[in-house]
Amino acid sequence: MPHSVDRRQALRQGALFIGAVGALSLSGEARADAQASPIQQCPPPTKLPLQPEFPTSPPDALPEPVRRNLETAMRAAIKVVSPAPRFRGFGAVLVNVDDGRIVAEAKGGDGPGTNHAELNVLRNFGLLHPDGEALQKTVLVTTAEPCPMCATCAIFSRVAGVAYGTSLEFLIGHPPTRMPIRISMPQVVATGPLPNMPVVGGVLHEETDPLFM
Ligand SMILES: [Zn+2]
């Protein structure tokens, strides 16, 4: 019943308040226990809006050989993860900027929370080419908008650009896709050391969106 839910929330908030007050007056081990769950006191992430003032780039911001093979690359990323588990169609490839060839591919999956397609493909290819130059000559093409972790990984890898299919907004609107962090890839890029990195969204999204439904 809604009433009982409200009552439970009130009791929980009250308990948190009492816990916080108690933490101020306790010392040693008791204080550590009272402060052990700070995450519970944060507002739910679903209350935070996406920031629309960080737009994606036009497709012609990508190098021409990549642009020419962009749909082929996206379909390869889709194929990497197919048949995709429901809501979990995360696949990614790297495309060489000189000739548009696909040089690496990976998918996300279960296990550690860092098992993301984009991070996997960047790390795997980077380990094979540790000088970093090969990575800088690629564009990351991925079925869905990278999370902040993978967006940062792309920036640190200094790739020449990113293109994705399904938007973060779509993922948020189609739970239970696990995409709880409401910071868009363009927003991460805008606040980082490579603010001009191209980020092209919506590539073949009519084919990638069903991977997350
Ligand atoms: Zn990610």
Quiz item: In what sequence, largest accessible area first, do 152, 166 appear using a 1.4 Å probe?
Solution: 152, 166
Self-check item: Length-normalised contact order for region 56-154 - Cα pairs under 8 Å, 6+ apart - percent
Solution: 27 percent
Quiz item: What's the local net charge at residue 186, with K and R +1, D and E -1, over the other residues with C-beta under 11 Å away?
Solution: -2
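Over region 164-208, give the accessible area per residue in Å² for a 1.4 Å probe, as an integer. Mind showing how you got there, number by number?
Working: 2070 Å² over 45 residues.
Computed with neighbouring chains in place, this is 46 Å² per residue.
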Quiz item: Remind me, relative contact order of region 81-213 in percent, using alpha carbon pairs under 8 angstrom and six or more residues apart?
Solution: 25 percent
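Put 114, 142 in order of accessible area, largest first, 1.4 Å probe: what do you get?
Details: 114 70, 142 0 Å².
From most exposed to least exposed: 114, 142.
The values are calculated or read from the model by the stated rules, or taken from the named source; none is laboratory data. Here the structure is a predicted model, which means the values were calculated and not measured. Note: ideal-geometry Cβ built from the backbone for every residue, glycine included; neighbour counts use all protein chains shown. Heads up: the accessible areas ignore ligands, DNA and RNA and are worked out on the full protein's heavy atoms, side chains in. Shrake-Rupley method; radii C 1.70, N 1.55, O 1.52, S 1.80 Å.
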